[in-house]
Structures are given as structure tokens and as C-alpha cells.
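Input: a single structure, listed below in C-alpha cells.
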Amino acid sequence: MLAIVKPGPAPGLELREVATPVIGINDVLIRVRKTGICGTDLHIESWDPWAAKTIHPPLVVGHEFVGEIVDVGSNVSDFRPGDIVSGEGHVVCGRCRHCMAGNRHLCAHTVGLGVGRDGAFAEYVALPMTNVWHHWPGVDEDVAAIFDPFGNAVHTALAFPVLGEDVLVSGAGPIGLMATAIVRHAGARYVVVSEPNPVRRAIATRMGATAVVDPRERALADVQRDLGMTEGWDVALEMSGNATALRNAIASMAHGGRIAILGIPTAEISLDVNEIVFKMLTLRGIYGREMYETWYKMTVMLQSGLDITPAITHRFGFRDFPAAFAAARSGDSGKVILDWTR
Ligand code: NAD
Ligand code: ZN
């Protein structure tokens, strides 16, 4: 089969022939139809320090996908050839305390699809049946392809109640953009998106932001004043990985405010803990998706009218992956989709 491969410990990726995965008795084999490019894939392509210490080439990259089941192992009963599915990219151990308790997102032995095992930027991908999510007939395949980052957005956006609350979204990358639409759908009052990139701010407005702000030009306190807010954000979603963004969020929270942190900083961040203490803030780290409550919520919110399609800005055939990676890296983009059917 054809796959996009990290061939060795150096920058770059290659489209090449590799062996089609062989499935075990508990696995399913999926013919990939569409995939999404994630920041992780960009790290692996550029071979940055994280990639150099994490990735063992050769590796088929990619973890955001939708596809059609073509074969199932002998233990698999509830998936059939022809089913349209996506995959949870975190393959957990199934045996630790948290896995046994049903809190699989807390597993400390997670192996990542396209990170620790061969991934989905290929004509076929294999996964354990416990990692496979059924879509409903007629699902928009571009949306289905990005259930993984959509799940990051849902997991973060619903970490705290947002009904009737004022929410700050820091960072309007693909995940911040989707989170904007989700908190709107979930009943927030004001949703303010802070993002330096004007292209992304414009998309955030289409996703339902009440206001967008360039954090280099305007203080969050200004925006709050314009909106007539008196107390500060009830909930903040940190989706930038940027130190200043996190500090600005903490400084503009209401007492008792809650911050869900998804963004991954590249270095340590020092914080004014006094502000966290005296405002009695809650800071919570978010990793991946809850298996499978997040997946359930994604499905039912789409079925009840949530629209995340404005976050998808680029589509390419898989052979044009260098152009697709360039579009994703440019920053002037939302989600970039690779089509494996053409
Ligand atoms: P992205 O890099 O495309 O988006 C981050 C955005 O933050 C960019 O648009 C950038 O312009 C903006 N930004 C930079 N400085 C800012 C500032 N001072 N204030 C506000 N915004 C600022 O990333 P993404 O794919 O949307 O992912 C969002 C974050 O979540 C990234 O840090 C990513 O590494 C992380 N992530 C975490 C998980 C997890 O499981 N915890 C999973 C996926 C991604
Ligand atoms: Zn486990």
C-alpha cells in the first residue's frame, strides 16, 4: 500500500510503498478515505527536538482519519466490512487502575497512532476494535476525518459547565476554532477569542465568536468593558500553548473561574500563583479525549446542529501532501484534509 512515512531521523516525509498492516483477532482493518493534518504531524515532519526524542523511524505518520472497514479479526462481532468509522488514536493498556475503572483517557501507558505505532496516512490502517468509533450513515466525511481534534476541542470546551457563562478562548488554531462553536452550541453567553493571526480571527467570527481580539493590540480588560462584563471570565480555554496567553487569561478571570488547559507549551511557564490562590481559580490539564463520552458528545452535538465545517479550510489529494503540509504550517489555515480516495 502507499503511505506517508518518516523514513529516518531527519526532516521530511516520503510517500512510499509499505506492507499493508496484518490484523490480530481483536483488530479491524480500515481502508482510509480522508485524513486530517495535526500539529503533531508537522513536528514529526520537521524533526524538532520533541520528534527526535519520541519517534522511532521508519514510521507511517498520521492519526486523524475516517475510513471504511474492510476486514475484522475473529473476535470482532460488532464491526463489519463497509462500516464508516474513525479511530481513537490513543491505544491504551486496558489493564491499569484507570483503564480498569473505565477512565481510559487517564491511562499512563498510552501508545499514539502515528507516533508510537504505524498511523493513518496510508491506504490502510489497523486498530484494536476498542479504538474504533462508528459513524452514522451519511456523515460528512470531512468532519468525520477530524473527530480526533474535534474531540480535543469537545473535551476541553465541556471540561467545565459553560451554560450562561462568559468564555475566553485563547488561540484560534483548528482546535480553538472548533471549541468556539462548541461553547456557543453549549449555551455560553459571551465567547471571546484571542488570536494574533487575522485569518484565524476571521474564521473565529464565522464559528460564532461574540468578539475577537488581537492580544498584541488590545487588553482583554478592554473587551470585557465593551461587553459590559463586570467580573471577568467564568471559563477560559487555553488553546495556544503560549505563556503570555495563559498569564493574560489568569489575570482576567472572575473569582472562582476555571481554566481548561489543552495547549502544549514548548518551555516552562512561570505563573503568579497569588492570583490563582486569591481568585480561587481551578486550572485543569486536558489530554486527548474521554473514551468514549467525548466521542458520544461529538456525535450528538453534530446531530443536534453544531457546525464545525468553517474550521476546515483546505483539501488536497494525498499525493499533494507537501502542499497540504505547507498550508497547515503557514498558520493561515484551519483544518487541512488529505483525500485518499483520489
Ligand atoms: P495551533 O498551533 O494551530 O494554534 C495555536 C494558536 O495560538 C495559533 O493560531 C497562534 O497564532 C495562537 N497564539 C499564539 N500566541 C497567542 C497568544 N499570545 N494569545 C492567543 N493566541 C495565541 O494549534 P491547534 O492544532 O489548534 O492546537 C492547539 C494547542 O493544543 C496546541 O498547543 C497543541 O499543541 C495543543 N494540543 C494539545 C492536545 C492535548 O491532548 N492536550 C492535543 C492536540 C493539540
Ligand atoms: Zn491503562
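Every number in this text was worked out from the coordinates using simple rules, so none of it is lab data. Quick caveat: nothing in here was measured; it's all calculated off a predicted structure. Positions of Cβ are generated from backbone atoms using ideal geometry, with glycine treated the same way; all protein chains shown enter the neighbour counts.
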Query raised in the report: Which angle between 0 and 90 degrees, to the nearest 10, do you get for helix 321-330 versus the longest principal axis of the chain when only C-alpha atoms count?
Result: 10
Query - Interchain or long-range residues, amide H under 5 Å from ILE37's placed H - result: VAL336, LEU338
Query raised in the report: So for the chain: antiparallel DSSP bridges make up what percent, rounded to the nearest 5?
Result: 55
Report summary line: At R0 = 30 Å the Cβ-Cβ FRET efficiency linking MET280 and ALA221, nearest 0.05, sits at 0.95
**Report entry** Pairwise FRET efficiency - GLU14 versus ALA202, Cβ, R0 = 41 Å, nearest 0.05
**Finding:** 0.75
Report summary line: the chain, convex hull of Cα, quarter of hull surface, nm² -> 17.0
Query raised in the report: So who's got an amide H within less than 5 Å of the one on ILE259, skipping anything under 5 residues away but keeping other chains? H placed 1.01 Å off N, in plane.
Result: ALA236, THR282, LEU283, ARG284
**Report entry** Whole-Å distance, taken between Cα centres, linking the stretch 92-157 and the stretch 1-22
**Finding:** 21
Query raised in the report: Shape of the stretch 152-285 from its Cα gyration tensor (a ≥ b ≥ c, root eigenvalues): rounded if a/c is under 1.5, otherwise prolate when a/b > b/c, or oblate?
Result: rounded
Query raised in the report: When the chain is fully extended, how far beyond the present Cα-Cα distance does ASP332 get from ALA267, taking 0.36 nm per residue of separation?
Result: 21.0 nm
Query - Residues with amide H under 5 Å from that of GLY62, placed H, sequence gap 5 or more - result: ALA120, PHE121
Query raised in the report: If you line up the long axis of helix 174-185 against the longest principal axis of the chain, both from Cα atoms, how many degrees apart are they, to the nearest 10?
Result: 60
Report task. Counting residues in the stretch 198-256 as N, plug N into 2.2 N^0.38 Å and put the Cα Rg over that result. Result -> 1.12
Query raised in the report: What's the FRET efficiency of MET1 with LYS53 using the Cβ-Cβ distance as r and R₀ = 35 Å, to the nearest 0.05?
Result: 0.75
Query raised in the report: Roughly how tilted is helix 147-157, in degrees to the nearest 10 and between 0 and 90, from the longest Cα axis of the chain?
Result: 20
Query raised in the report: Between the stretch 219-291 and the stretch 36-54, what is the C-alpha centre distance in whole Å?
Result: 27
Query raised in the report: With springs only between Cα atoms under 10 Å, which of PRO322, PRO161, PRO265 fluctuates most in a Gaussian network model of the chain?
Result: PRO265
